[in-house]
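Structure, as structure tokens:
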Amino acid sequence: MNVLITSAGTASAVTIIKTLKGRGGEQLLELQTQPPFKAHQIFAIDSDPLAPGLFLADKSWVIKKFDDV
């Protein structure tokens, strides 16, 4: 299962990423240990290159702000 977290700099995004990875709370997705499911991957996007969620995710991207488009 792939999960995309937007606004990765918010406190709620960081909490969600930590929960999905099993850190800082009860693991929300137990599918990674139950066949035939593959481990989940967490992707994060934010317009701030220093957003904390970007560093916690498996893969992340910095995107343009809506005003810059």
For Ile5, the residues 5 or more places away or on another chain with a placed amide H closer than 5 Å to its own amide H are Phe43, Ala44, Ile45
Got a sec? What order do Leu56, Leu50, Leu4, Leu20 fall in by accessible area at 1.4 Å, biggest, i.e. largest, first? Leu50, Leu4, Leu56, Leu20
Treat each spin label as a single point 7 Å out from the Cα along the C-beta direction, and report the Asn2 to His40 distance in nm. 1.5
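The values are calculated or read from the model by the stated rules, or taken from the named source; none is laboratory data. Remember, it's a predicted structure, so these values are computed and weren't measured experimentally. Note: ideal-geometry Cβ built from the backbone for every residue, glycine included; neighbour counts use all protein chains shown. SASA here: full protein model, heavy atoms, side chains in, ligands and nucleic acids out. Shrake-Rupley method; radii C 1.70, N 1.55, O 1.52, S 1.80 Å.
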